[in-house]
Structure formats: structure tokens, C-alpha cells
Number of protein chains: 2
Amino acid sequence: MAQRRKRLLSIDAVLDASLASIDATGRLAMADLAERLGVSASSIYHHVSGRAAIIEALRERLVAVIEPPPMDGSDWGEQISRWMVGYRRALAEHPNLIPLLTAQTMTDGSGLLAYEQVAAVLRHAGVPIGEVVLWISVLDAYALGSALDLAAPDDVWRFDRDDLPVLAEAIGAAPVGRKRADAAFALGLEALVAGLRRRLSSGS
Amino acid sequence: MAQRRKRLLSIDAVLDASLASIDATGRLAMADLAERLGVSASSIYHHVSGRAAIIEALRERLVAVIEPPPMDGSDWGEQISRWMVGYRRALAEHPNLIPLLTAQTMTDGSGLLAYEQVAAVLRHAGVPIGEVVLWISVLDAYALGSALDLAAPDDVWRFDRDDLPVLAEAIGAAPVGRKRADAAFALGLEALVAGLRRRLSSGS
DNA sequence: ACCTGAACACCGTTCAAGT
DNA sequence: ACCTGAACACCGTTCAAGT
């Protein structure tokens, strides 16, 4: 009953190594990945169907981590905000992954279950049924856009021209890097929720 | 004085063909591009330094098209909205370009001049100097996120599961495809501006 | 100055051959 | 069932050679 040769790979091992590679290099190359796993590149294809499938699986992993909005009796604005913060935090933990996710369109509805919860919260808040999907789109766009902002280096805001006085002063007075991205996200989220709140109270 | 052999390429021709290729195929392959131009692939490198430079130049072209916010006496919320609509429209004309732009971080501050105008409008509206950059980040994130939403196919919202009742009903009641993306963008933009307006009036 | 073909290093993926 | 090496088609880019 001598045991067979040791199993070298598993889906989870492939995904772990993929994420590590992306975090470290910002790219996902099958050769890199194979080396990281101590395995031939062709071996990987026995566990996943290819590079695109790996990225898609990482997307699913990411959404799975996000806490769904708490369905307790608390204020709906608080619930939505809480969910959005968790959403962005999950993205922010692997900023290099974000461009790979946006380069590839979602194949199956990975985060669909979370959206069901968000839909329920919005509905409960008084959002008309025809607008629920629209608001989910808005929140999703903002979360993803903010995440991309997080992945970008801060050099964008550095320049030496003297024809941009207001911008120059504003940049000097604003936080930098991760702090800027965090503060901006919080500000926009608050505005979005406030805007939705106003719309709901004035509309009904 | 026999004229030299005809000049086959120019930067503009390269950029035009690149955009056409991206619009048609969603990708930018140098071989495709060369064929489109009726030229050898290596010729292209006499006019641009490489693939990344082409994408960066296309980004600059895109921002150049966007109308800066009108600095007339009109309401600042209207000005910001007008600029955002133009921003997104420019992106929406070439949805396939968007993932390429997000995959590559901005090298130089291409749209910086427009940001100066936006900064001036925000400042004029009463946004404190330390928050101007934050609001620009918010607007930028939302415009880019909405554009990505536009580039994604609508299949994301199609599913056949019976454990998502609220979402299913919401999807049935919402517009589809481009119409959904457009309506969502307008809704979120209105909320953002309303939220900012509320913050300014309550803060001062 | 501009264009070319050949070559290079590097991709993701396939597949017959091994255990 | 799982892993391998070799091979394949395809990338972006370089460069000596032509005009």
C-alpha cells in the first residue's frame, strides 16, 4: 500500500500563489506562477482552465470576503455605508489585482448574493423597484473607481507648472497617497448616501 | 528633384489606427496595427516609443476632447455636472479603450489643465482648500467607475437562480444595457452633487 | 529620415508521454 | 489522476541592412 507520489498542486494552492504573484509583481504570468509553486507551467492546467479562470476565481474569493450589509434594524444609510467600506477594504488589500479585474469582464455573477442583500436594503429604504439596479450600479461604479484610484501611484498629482495655481494650492493642502484616497472615498460615500436620502425624502 | 519615397506613417495615423483597432477588437496588438497601416510592425517604432506610449497618447487625446466646466456665472453644481457628463461621454465613445487605460497608470498629468478648472469651480462653490483634491478624486473615481460599467457586457445581470427574489424583481423593472448604465450614471451624479451641496450649506 | 525582414525574449496553452 | 518537457502560435521590441 505504498502511497502514490505526493500531490503537488490544488486549486487553493494555485490561487494563493497567483495572488502572491500579483501582489508582488502586479502581473500574473504562468511561468512565474509555476516557479512559485515549484512545478511545471503545464501542470497548472490540470487544476484550472487557464489564466482567465484564475482571475475570475480571485474575484469570487474577493467578493466572498465582503460582509453583506447588516440586516438589523439600523439605519439603511449606515448599512449601505458599512457594506461599501467593506467592499473597498477588500479591494484595497490587493490593489494590484484591481486592474486585472477591470481588464476582464465578470463571467458569472460572482457577487450576486451580496447584491441581493443590498437590493433588499435599498428596497427597505424606500427606493422604487425600478431604481434598485441603478443604485447598485452607482455604488459598484464608485467602489471600483475608488479602488482604481487606490492602485494608481501618487505621481499623478505631482507637477511643476505655474499655470495651475488653484490646483497647486489645493494639492499642497490635501493629504497624500493612501490617506488622500481614503479621505476621498469617505467623502464621496457620505455625499452619495446623503444625496440618496434627500431624493427619498423629497420624492415620497 | 525627384521626390523621396512617400512617407507612409505619422503619429496621428498610428493613433487613429490604434483607436480603430481597439474599437473593433478590444485589444491593441502591434501586428494588427501594422496590418491596418499597411506597414511592417517595426516601422511603428520610428514614430512612437511603444505600445504603452500609444495608450498614453490616446488618454491625452481623450481628455483633450472634454469640455472644461463653463466658468460663467451659472450654478456650480450645473457646471460640475456638465463637465462630468462630457467626461463620461468622451469615455463612452470608446468603451473598449477604458480597460486599457485603467490597466496602465497615468504617466504624466494629461488632464491636469481641466482639473485646474474643476478646482476653481469647487473653490468658488465654497469647498475648503483642503478638500478640493478629495472632491476631484471622488468625481474622477465615479466617472471612471461608471465608464467601466459601460464597457462591461450586460450578462452580469442575467442569472437563473431562485434564491435572489428582490434582485430578480429589480432587474425585471430596470432598463437594460446602455440605458441602464446611462440612467445609473445620471442618478449617482445627481446624488453626489446634492450631497456636496448639502455639506457646503450645513458646514458654513 | 524612414521602412524592412529577421531575430529575440517572452507570453498562454496544448499534448503525447510518463508515473 | 497528476505531472512533465517539448512544441505551438503569438506577443512586443530591437537592430542591422537597405533606400
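Only the coordinates and a few stated rules stand behind these numbers; no lab work does. These numbers were taken from a predicted model, which means no experiment stands behind them. Virtual Cβ from ideal backbone geometry, glycine too; neighbours counted across all protein chains shown.
Could you put B:Leu62, B:Leu97 in order, starting from the residue whose Cβ has the fewest other Cβ atoms within 10 Å? Walk me through the numbers before you get to the answer.
Values: B:Leu62 20, B:Leu97 23.
Listed from fewest to most nearby Cβ atoms, that is B:Leu62, B:Leu97.
Quick one: grab the alpha carbon gyration tensor of the protein assembly as shown, order the square roots of its eigenvalues as a ≥ b ≥ c, and give me rounded if a/c is under 1.5, else prolate or oblate depending on whether a/b is larger than b/c. Show your work: numbers first, answer last.
Working: a/c = 1.71, a/b = 1.06, b/c = 1.62.
Oblate shape, in that a/c is at least 1.5 and b/c is the bigger or equal ratio.
Using Cβ counts within 10 Å as a stand-in for footprinting exposure, how do B:Met106, A:Met71 rank, fewest first?
Working: B:Met106 17, A:Met71 11.
Ranked by crowding around the Cβ, least crowded first: A:Met71, B:Met106.
So how do A:Asp154, B:Asp140 line up by other beta-carbon neighbours within 10 Å, fewest first?
Values: A:Asp154 11, B:Asp140 22.
With the fewest neighbours first, A:Asp154, B:Asp140 line up as A:Asp154, B:Asp140.
Where does the Debye-calculated log10 I(q)/I(0) of the stretch B:2-48 sit at q = 0.14, 0.21 Å⁻¹, using only Cα point scatterers of equal weight, no solvent?
For the stretch B:2-48, the Cα-only Debye profile gives -0.32, -0.65.
Taking the simple approach of a point 7 Å from Cα along Cα-to-Cβ for both A:Ile129 and A:Arg89, what is their distance in nm?
3.5
Between A:Asn96 and B:Ala52, what is the label-point separation in nm under the 7 Å Cα-to-beta-carbon projection?
Reported label-point gap for B:Ala52 and A:Asn96 is 1.5 nm.
For chain A, set up a Gaussian network in which alpha carbons nearer than 10 Å are linked by springs, and say which option among A:Val127, A:Val14, A:Val176 fluctuates the most.
A:Val176
What's the minimum Cβ distance from chain A to the axis relating it to B, in whole Å, and which residue gives it?
For chain A, the closest residue to the axis carrying it onto B is A:Gly145, 1.
How far, in nm to one decimal, is A:Thr25 from itself in the other copies if the label point is set 7 angstrom along Cα toward Cβ? Shortest first, please.
List, nearest first: 2.4 nm.
Per residue of the protein assembly as shown, what 222 nm ellipticity follows from adding -39500 (n - 2.57) for every DSSP H run with n ≥ 4, rounded to the nearest 500? Display every interim value, and only then the final one.
Details: 18 runs with 262 residues, N = 408.
Result for the protein assembly as shown, helices only: -21000 deg cm²/dmol.
For chain A, what is the largest minus smallest coordinate of the Cα atoms on each principal axis, given in angstrom and ordered from greatest to least?
Result, largest extent first: 74, 51, 24 Å.
Take peptide B:173-181, look around each residue's Cβ out to 10 angstrom, count Cβ atoms belonging to other protein chains, and average those counts.
Working: counts 6, 9, 3, 1, 0, 0, 0, 3, 3.
So the per-residue partner count for this stretch is 3.
So how far apart, in nm, are the two label points at B:Arg82 and A:Ala29 if each is 7 Å from Cα heading toward Cβ?
My value for the distance between the label points is 4.9 nm.
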